[in-house]
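Colleague: What follows is a single structure, and I will ask about it in a moment.
Any read-out appearing in this document is the output of simple, stated calculations on the displayed coordinates, not a laboratory observation. Since the structure is predicted, the reported quantities are computational estimates derived from the model, not experimental observations. Counting neighbours? That spans all protein chains shown, and the Cβs are built from the backbone with ideal geometry, glycine included.
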């Protein structure tokens, strides 16, 4: 076998790439981690919360050093209409203590820290370098990458593409499904809004490093999607995710939809008076299991957003943890393949097996119909109004009329919303099958 | 409805740091846009970089691009938008604290 520059080139120093590089470097392999931004994390943004427990395996006591803003101790799910809102508000002391549950963090901080861990373990990180394509041998096997540096070809026994939602490398290798189009993606846009720490604590009912994550449905008008608000130490993140296929068809711009959310009577008191410190946007692979590509080619693995591993299942909205895990398992499978000197797709099959054995593909398989349900027209455009009306009548006191009885309210409001029993039953079944 | 003024789009974009490269990483073939009736890019681009012209075409400005990919995803004219990443170290840079 001819000598290569590195055992493995990992493309993209986001959570997937850094975990892959960290795992491989720990196993004693030579790893190059290539990042196109000027520093790891500089291109990355998200909808707010990271669930880092999977890091236990790679970085014991990660919580003592990770650049966390706040620990999420209060989680709210809100159903909204233009004038109403219903909130499920859960708060836990346990989530505010090690090993914690969810955390808010700025991605340029978190990803920078994680790439530093990979470096400390022996991976070589090179930033400001864009990978422009794959190097392949006559049989199509990936044998390295081409970069935009002078003499920028780098050879490796294996490439792990963690190059994000627009993975040009996975596309080039033909790993994507042909039926993935705009309807499989959402656009996330976010305002980072500065407010004094004590104002945030007061408005959101938290202290110290406790934080809040609010996820909202019914706040994006005619563009199917959702909204979120979460707390950092002295900023809050406020944003929306918008189904691309709808966004193109409707005539409302992303920042207008955020403005409407911020002006909502339930949200305005939380965000009032804050100054926008940064605006950001990013695509999200949102179609779940049904969009997951072929995960391995000859000499190539894909992980993180590049592999479509984002879970948008309504009550669960996760992505960074799937990136961390898939990157780590890609690194582990790559180490196995290097050891047995077989980096063909067959030799790398251990990657998919690892994902299938763990939450990464188990969660996606179980919840495969949920993203379509959550972003579907009924759940987006009809159910929030119906639910809000039901609750309004349940809690409203309409004297001198006597109370109507909950069963009667349900029947009347379903009819008023124009929702057919058949559809309601079907959606309930889908939800129970996925969540149950 | 708003109790405080929304910031202007220019002010919004001025909060974002871009290290602009002289090479345009996205090119738009404005001619292919003439037949397009939806022009989804104009509404969907979060940075509002696609501007319709009076003759039915599109002019495009790459400098304040988030590199998100929305434009080519929503575009329904094959080959109208050519999309690559900016050269290493350039383009949008989200801030560290």
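Colleague: Could you tell me whether region A:71-112 comes out rounded, prolate or oblate from its Cα gyration tensor? Rule is a ≥ b ≥ c as square roots of the eigenvalues, rounded for a/c under 1.5, then prolate if a/b exceeds b/c, otherwise oblate. Before the final figure, lay out the partial values.
Modeller: Details: a/c = 5.74, a/b = 1.57, b/c = 3.65.
Note, shape of region A:71-112 comes out oblate.
Colleague: For region A:1-114, what is the relative contact order in percent, using Cα pairs closer than 8 Å and at least 6 residues apart in sequence? If you can, show how the numbers build up before the last one.
Modeller: Working: 163 pairs, mean separation 34.1, N = 114.
Dividing the mean separation by the residue count of region A:1-114 yields 30 percent.
Colleague: OK, next. Which angle between 0 and 90 degrees, to the nearest 10, do you get for helix A:406-416 versus the longest principal axis of chain A when only C-alpha atoms count?
Modeller: 70 degrees
Colleague: Sort A:421, A:316, A:63, A:71 so the one with the fewest other Cβ atoms within 10 Å of its own Cβ comes first. Don't jump to the answer; show the numbers that get you there.
Modeller: Numbers: A:421 10, A:316 13, A:63 17, A:71 20.
Listing A:421, A:316, A:63, A:71 from fewest to most nearby Cβ atoms yields A:421, A:316, A:63, A:71.
Colleague: Would you order A:135, A:247, A:270 from fewest to most other beta-carbon atoms within 10 Å of each residue's own beta-carbon?
Modeller: Listed from fewest to most nearby Cβ atoms, that is A:135, A:270, A:247.
Colleague: Hey, can you rank A:118-129, A:284-295, A:30-41, A:14-25 by average C-beta count inside 10 Å, highest first? All intermediate terms of the calculation are to be shown ahead of the outcome.
Modeller: Working: A:118-129: 19.1, A:284-295: 22.2, A:30-41: 25.6, A:14-25: 32.2.
For the peptides A:118-129, A:284-295, A:30-41, A:14-25, the packing ranking is A:14-25, A:30-41, A:284-295, A:118-129.
Colleague: Turning to a different aspect of this structure: Which of the peptides A:323-329, A:64-70 is most tightly packed, and how do the rest follow, judged by the mean count of other Cβ atoms within 10 Å per residue? Before the final figure, lay out the partial values.
Modeller: Values: A:323-329: 29.7, A:64-70: 18.3.
Packing order, densest peptide first, comes out as A:323-329, A:64-70.
Colleague: Once you average over the residues of A:254-266, how many Cβ atoms of partner chains fall within 10 Å of each Cβ? Intermediate results must be reported in sequence, preceding the final value.
Modeller: Values: counts 7, 8, 2, 0, 3, 4, 2, 0, 4, 5, 1, 1, 0.
Mean partner shielding for this stretch: 3.
Colleague: OK, next. If you average the sequence gap of Cα pairs under 8 Å that are 6 or more apart and divide by the length of chain A, what percent do you get for the contact order? Intermediate results must be reported in sequence, preceding the final value.
Modeller: Details: 934 pairs, mean separation 84.6, N = 436.
About 19 percent, as a whole number.
Colleague: Ranking A:162, B:41 by Cβ neighbours within 10 Å, fewest first, what do you get? Walk me through the numbers before you get to the answer.
Modeller: Values: A:162 32, B:41 27.
Exposure proxy ranking, most exposed first: B:41, A:162.
Colleague: Give the relative contact order (percent, whole number) for region A:182-285; include only Cα pairs under 8 Å separated by 6+ residues.
Modeller: Details: 195 pairs, mean separation 42.9, N = 104.
Relative contact order of region A:182-285: 41 percent.
Colleague: Per-residue counts of other Cβ atoms within 10 Å, averaged by peptide: what ranking do you get for A:210-222, B:69-81, highest first?
Modeller: A:210-222, B:69-81
Colleague: How many partner chain Cβ atoms sit within 10 Å of a residue's Cβ in peptide A:38-47, on average, as a whole number? Working shown, then result.
Modeller: Numbers: counts 6, 4, 0, 4, 9, 9, 1, 4, 0, 0.
The per-residue average across the peptide is 4.
Colleague: If r is the Cβ-Cβ distance from residue B:78 to residue A:395 and R0 is 51 Å, what FRET efficiency results, to the nearest 0.05? Could you put the intermediate results ahead of the total?
Modeller: On the way: r = 54 Å, r/R0 = 1.05.
According to the calculation, E is roughly 0.45.
Colleague: Roughly what angle does helix A:15-26 make with the longest principal axis of chain A, taking Cα atoms, 0 to 90 degrees, to the nearest 10?
Modeller: Around 40 degrees separate the two axes.
Colleague: What shape does chain B take by its C-alpha gyration tensor, where a ≥ b ≥ c are the square roots of the eigenvalues and a/c under 1.5 counts as rounded, a/b above b/c as prolate, and the rest as oblate?
Modeller: Working: a/c = 2.29, a/b = 1.23, b/c = 1.86.
In terms of gyration-tensor shape, oblate.
Colleague: Same structure, new question: Roughly how crowded by other chains is peptide B:31-43, in terms of the mean Cβ count from those chains within 10 Å of each of its Cβ atoms?
Modeller: Values: counts 0, 0, 0, 0, 0, 0, 0, 2, 1, 7, 1, 3, 10.
Per residue, the average neighbour count from other chains is 2.
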